[in-house]
Amino acid sequence: MGENRVRTRFAPSPTGYMHVGNLRTALYAYLIAKHDNGDFLLRVEDTDQERQVEGALDVIYNTLKITGLKHDEGPDIGGPVGPYVQSERKPIYIKYAKKLIDKGEAYYCFCDKERLDMLRENANALNRPFKYDKHCLHLSKEEIEEKLASGIPFVIRQNNPTTGTTTFDDEIFGKITVDNSELDDMILIKSDGFPTYNFANVVDDHLMGITHVVRGSEYLSSSPKYNRLYEAFGWQIPKYIHCPPIMKDSQHKLSKRNGDASFEDLIEKGYLKDAIMNYIALLGWNPGTTEEIFSLEDLVEKFDYRNINKAPAIFDITKLTWMNGEYIRMLPLEKFHELALPYYKQVITKDLDFMKISELMHSRTEILSEIPEHVDFFESLPEYSAEMYIHKKMKTTYQNSLESLEKALPILEGLNEWTFESIQNSMMNLVKEMGVKNGVVLWPLRTAVSGKQFTPGGAFEIADILGKEETLSRIKVGIEKLKQVQ
Ligand code: GLU
């Protein structure tokens, strides 16, 4: 670890899902490190023992793997400053907490739940934020020894001053100064012996040589207290980069708990991981140009954290969907086909030339999950009403639609070769022969073979994919339908 080497970390808690905001933090931390050829670390913050979720680590590893945010050090690959899982670092935190106690910067607190509840109620009644009243700071050495010896549960609290101010610098939000009277004596070590996030993040970021701390702005208000910890230890304060919140609208934060999509949900819905990453890169950052499409490599090159915004970012699913469509169109047809095939198979059991369907769908798909509803008519003709034959612009009526279909049927029946071209040629000849506009033949034909108002591809493509027998049978259904309304 050279003095100036940039080192960032992604420090997720194993919750079992990847919140969009966390993924953005991971991305920004990765970009800041890689932009400067630095190191990107993964640290698992699992000190909340009550919130253990089975398989949660896999979600983290898996997300980093598929998104390409490759970490240089972490629980699975080791590194020089491990362990990288906080629950395995328990003795370290205790050791450092005791150092603070020796310095008078922290103290044992034996207050029980009843007393704390009472303090909380009092604070509520006065409409003030809860603040521990430093009751245990005044215990004598002997009292403390005695309580410890008799096994009374304790926590260790930070000892913050009550007068003066504390200032810290954030790269995005600037210099922030708070009155020390606002600083709560936060818990550093909990009664189960595990550290709080508030303590562990400082100790670990220091011991792991983190130079740039990237995280959500919800930690901004605690940062003065973190600074006091760094100062108490005499450690160098890292650069803080707090990212703006991600909102679903002007009032509400995006939150998995309120049913907003996680990364896995988006993948499940058929968004491409590259599009998701591109989109979330822009949630609170822009390159200073109107450019919007960036690969991860582009981002590594262009990302400058000084361009991160303070203003909340709005997660706009419509914009993501548009961007996803752009990414789908950039895929080679074969790749699109590979991704789309499972979605065809959801609704089509017939053995069709799926590649031809991909040719139609490639330019029309925005998210993979919408594929089934666009192709289900290949499986079976949907119920549809004769009114669909009437199209003002195409100048179709019940009557001319029936005529077109009745003329088309024997011609198609007579085709020896069933290809897109043969279908097209024969039908265009019919148009000419009838002396009508294309639509008078093609609209009824497409309606008959699809039963839908909107389809990927036109009548010829659909008839070609359906095959001769199915096409003819669907045209006959159309003829019957039209006969009934004449
Ligand atoms: N474990 C914290 C979280 O998941 C990490 C915050 C940080 O990056 O420091 O929110």
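Every read-out reported here was derived from the displayed coordinates using simple, explicitly stated rules and does not represent laboratory data. None of these values were measured; they are calculated from a predicted model. All Cβ positions, even for glycine, are placed from backbone atoms using ideal geometry, and neighbour counts span all protein chains on display.
Whole Å is fine, so just give me how far the alpha carbon centre of region 119-191 lies from that of region 434-486. About 76 Å separates the Cα centre of region 119-191 from the one of region 434-486. For region 152-190, the list of trypsin sites (Lys or Arg not before Pro) that fall in a loop by DSSP and count at most 13 other C-beta atoms within 10 angstrom is empty. Distance check, please: which entries in 345/437; 269/395; 269/350; 175/302; 103/310 exceed 29 angstrom between their Cα atoms? Correct reply: 345/437; 269/395; 103/310. If you fit an axis through the alpha-carbon atoms of helix 20-35 and take the longest principal axis of the Cα set of the chain, what angle between them do you get, 0 to 90°, nearest 10? Around 80 degrees separate the two axes. Contact order for region 1-154, expressed relative to its length and based on alpha carbon pairs under 8 Å spaced 6+ residues apart, stands at 18 percent. For the pair residue 207 and residue 432, label points projected 7 Å from Cα toward Cβ lie 8.4 nm apart.
Cβ-to-Cβ counts within 10 Å put 306, 474 in ascending order as 306, 474, the fewest first. Counting only alpha carbon atoms, the long axis of helix 56-67 and the longest principal axis of the chain meet at about 60°. Free of any GluC sites (Glu not before Pro) that DSSP assigns to a loop and that have at most 11 other C-beta atoms within 10 Å, the longest stretch within the chain is 55-290.
Most exposed first by the Cβ proxy, i.e. fewest other Cβ within 10 Å, how do 361, 434, 118, 208 rank?
Numbers: 361 23, 434 14, 118 11, 208 20.
Lowest count first: 118, 434, 208, 361.
Cross-link reach is defined here as a Cα-Cα straight distance under 22 Å, omitting same-chain residues fewer than 8 places apart; for residue 98 the lysines meeting it are 90, 134, 141, 147, 190, 225. Compared with the alpha-carbon gap, the fully stretched path from residue 35 to residue 150 is longer by 36.0 nm at 0.36 nm per residue. The length gained on full extension between residue 454 and residue 177, counted as 0.36 nm times the residue separation minus their Cα-Cα distance, comes to 93.8 nm. Taking the 0 to 90 degree range and rounding to the nearest ten, how far is the long axis of helix 398-413 tilted relative to the main principal axis of the chain, both from C-alpha atoms? Helix 398-413 and the main axis of the chain meet at about 80 degrees. Computed from backbone phi with θ = phi - 60° and the Karplus coefficients 6.51, -1.76 and 1.60, the 3J(HN,Hα) list for region 111-128 is 4, 8, 4, 4, 5, 5, 4, 5, 4, 5, 4, 4, 4, 4, 4, 8, 6, 10 Hz; x is used for glycine and proline. Remark: relative contact order (the chain) = 12 percent; criterion is Cα-Cα distance under 8 angstrom and separation of 6 or more residues.
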